[in-house]
Every structure is written in C-alpha cells, then in structure tokens.
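Single-structure report; data block below.
The values are calculated or read from the model by the stated rules, or taken from the named source; none is laboratory data. Here the structure is a predicted model, which means the values were calculated and not measured. Quick reminder, even Gly has a Cβ in these numbers, built from the backbone with ideal geometry, and neighbours come from all protein chains shown.
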Amino acid sequence: MTGTPVVSNAGPLMALAKLNLLHLLKLLYGRVRFTPAVYSETVCEGVRQGYPDAHSLRLFLRQEAWTAEAIPRIPRDLASLPLDRGETESIALAVTVNGLLLIDEERGRAAARGRGIPVRGTLGILIEAYDRRFLTAEQLRFHFAQIESATDIWISPALCRRVLEKVLG
C-alpha cells in the first residue's frame, strides 16, 4: 500500500470490474477515492443500463465502505477544458488531496499531468500488481489478452501488446 492518496476516474474502475480485479485496488492502495460524478457514471448509470460490472462495482464499494467525495470547488481553468464531469471532478480531487490519479482517457491524463498530478491507467495498475507479486506473469498476460479482446474496454490492443512486451519481454 502507498501513503499517497489515490483518486480514480471511471475508466479504471469499470475495466477492473469487468476483469473481476477490483480487489487489486485495495491490495495496492488500501483505499481509493472517487467523486459523485464517477459514482454516477460507473454505478448508477451502469446499473440502470443493466451492466453486470456496475453491480459488481457497487457491491465492492459497499463492502469496502468507500463512498464518493464531493469537491468543494473546481478551478475555472479546469472546468473550461473539454473533459467530462467525472474527469474534471477526479482531477480536482487529486489536486486537492495531492494524490495519484487513476485515469485512462488521454485528455484527462494530459490535464492532470499539466497540474503536476501523477497518473496511472488500468494497464499501469496491472503492471504494479505484477511488480508487487499480486499477479503472476501468466495472469498478467491473460488480463492483457482480455483487455485486447474486450469490446467494452477502450484500451488499444496495440498499446496492450507494446506495454506487455516492454514489461515481460
């Protein structure tokens, strides 16, 4: 676990729920923070649309007693960027708590980096789990293959192959 606060945007939460790997968040970070917009997007909207991973995420969050954290204010320059509400709130919370931001979307990652916030995406979470021996090389290959073949996880298959090659050779 890390002493640095960790904030998650919707993408990694949804991807890890689809992969049945939400437990890695607790193993790696102890606790992950998220905002009302992220909860609404991942759980409320997902359950409404009947996505099984949304039900899994809701159950996990309840079990861990992780609840959404409201943002007191979003800086005007951040609010003016072409980001969705969840990305904007997640970046604002990460800035507020001086934390690591879990985010997959490139525009959001760039906006966070521009504010000095370190970022990690779903692939980075899996690699960290491998590096810390929560996943074997075989499991890492399997989960990357799942992501590559998934039609509902929007991470480039080419990126998966490049990252996996770099990590495992």
In segment 64-104, anything assigned to a loop (DSSP other than H, G, I, E, B) and more than 16 Å from Tyr39 (Cβ to Cβ) is listed as Pro72, Arg73, Ile74, Pro75, Ser80, Leu81, Pro82, Leu83, Asn98, Gly99, Asp104
Considering each residue of segment 93-103, count those that are surrounded by fewer than 22 Cβ atoms within 10 Å (Cβ to Cβ) and within 14 Å of the chain's Cα centre (by Cα), and give that number. 2
Where a residue in segment 31-51 is of a type in the set (Phe, Trp, Tyr) and its partner, wherever it lies, is at pLDDT 95 or above and crowded, with 16+ Cβ neighbours inside 10 Å, with Cβ under 6 Å and at least six apart: Phe34/Ser8; Phe34/Ala68; Tyr39/Ala68
Output the residues belonging to segment 135-169 that are over 17 Å from the mean Cα position of the chain (by Cα) and either assigned to a loop (DSSP other than H, G, I, E, B) or at positive phi (or both). Leu135, Thr136, Thr151, Gly169
Any chance segment 69-77 includes a residue that's out of contact with any helix residue (DSSP H, G or I) (no Cβ under 9 Å at 6 or more places or on another chain), over 29 Å from Ala158 (Cβ atoms) and either free of Cβ contacts under 8 Å to residues at least 12 places away in the same chain or charged (D, E, K, R) (or both)? yes
Extreme residue, surrounded by the fewest Cβ atoms within 10 Å (Cβ to Cβ), among residues of segment 36-51 that are modelled with pLDDT of 95 or more and of a type in the set (Ser, Thr, Tyr): Ser40
Does segment 14-27 include one or more residues that are among the charged types (D, E, K, R), in contact (Cβ under 8 Å) with a residue 60 or more places away in the chain and in contact with a strand residue (DSSP E or B) (Cβ under 8 Å, 6 or more places away or on another chain)? no
When you scan segment 1-52 for helices (runs of 4 or more DSSP H) that lie fully inside it, which ones turn up with 2 or more residues that are β-branched (Val, Ile, Thr)? none
Residue among Arg132, Arg113 that alone is surrounded by fewer than 22 Cβ atoms within 10 Å (Cβ to Cβ), in contact (Cβ under 8 Å) with a residue 60 or more places away in the chain and over 11 Å from the mean Cα position of the chain (by Cα): Arg132
With (1) in contact with a strand residue (DSSP E or B) (Cβ under 9 Å, 6 or more places away or on another chain); (2) over 19 Å from Glu128 (Cβ atoms) as the list, and Val7 as the residue in question, which single condition is left unmet? (2)
If you go through segment 52-92, how many residues are surrounded by 14 or more Cβ atoms within 10 Å (Cβ to Cβ), under 23 Å from Lys18 (Cα atoms) and among the hydrophobic types (A, V, I, L, M, F, W, C)? 6
Within segment 116-124, can one find any residue that is surrounded by 16 or more Cβ atoms within 10 Å (Cβ to Cβ), touching a residue at least 40 places away in the same chain (Cβ under 8 Å) and β-branched (Val, Ile, Thr)? yes
